[in-house]
1. Give me a count of the residues in segment 1-35 that are among the acidic types (Asp, Glu) and free of Cβ contacts under 8 Å to residues at least 60 places away in the same chain.
2. In segment 68-84, how many residues are free of Cβ contacts under 8 Å to residues at least 24 places away in the same chain and assigned to a strand (DSSP E or B)?
3. Does segment 1-24 hold any residues that are open to solvent by less than 50 Å² (accessible area, probe 1.4 Å) and assigned to a strand (DSSP E or B), and which are they?
4. Does GLU44 satisfy being among the charged types (D, E, K, R), out of contact with any Cys (no Cβ under 6 Å at 6 or more places or on another chain), surrounded by 15 or more Cβ atoms within 10 Å (Cβ to Cβ) and free of Cβ contacts under 8 Å to residues at least 60 places away in the same chain?
Amino acid sequence: QVQLVESGGGLVQSGGSLKLSCEASGTTFNILALGWYRQAPGKERELVATMTNDGVINYGDSVKGRFLISRDNAKNTVYLQKNSLNPEDTGVYYCNAEARGVVVPRYDYWGQGTRVTVSS
């Protein structure tokens, strides 16, 4: 199994920046992609950004041009640099790992989430 631990959330002023981190452990050799999703109060979980092992990146439309995803493969860690934050970016951010599965060809793992609150 893959374990994912997020960090870096907190309270930030509108227009500010945060950098989130997610460290993967366990059977990381099965990981195909790492990324981030978020869930705002009263909304469904939505894509923020993902990056495959080959470096293919997919951003959600709401964060394009403001957020940047990166990976440090040596540390099994994925980062999310969040710039130009606004109150609509408030929510719980979840790390996601897409991995080779056993029962199914692919399986998604999730971290516990880190809360981000953008004020003003």
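1. Looking only at that region, the number is 1.
2. 3
3. VAL2, LEU4, GLU6, GLY10, VAL12, LEU18, LEU20, SER21, CYS22, ALA24 - these are the residues of segment 1-24 that are open to solvent by less than 50 Å² (accessible area, probe 1.4 Å) and assigned to a strand (DSSP E or B).
4. no
So that you can scan it fast, the table gives a plain yes or no per residue for (1) in contact with a strand residue (DSSP E or B) (Cβ under 7 Å, 6 or more places away or on another chain); (2) modelled with pLDDT of 95 or more; (3) basic (Lys, Arg):
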site	(1), (2), (3)
GLU23	yes, yes, no
ALA33	yes, yes, no
TYR37	yes, yes, no
VAL56	no, yes, no
SER62	no, no, no
LEU68	yes, yes, no
ARG71	yes, yes, yes
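The values are calculated or read from the model by the stated rules, or taken from the named source; none is laboratory data. Just so we're clear, the structure is a prediction, and the values are computed from it rather than from any experiment. Ideal geometry is used to build each Cβ from the backbone, glycine not excepted, and the neighbour counts take in all protein chains shown. These accessible areas exclude ligands, DNA and RNA; they are computed on the full protein's heavy atoms, side chains included. Shrake-Rupley method; radii C 1.70, N 1.55, O 1.52, S 1.80 Å.
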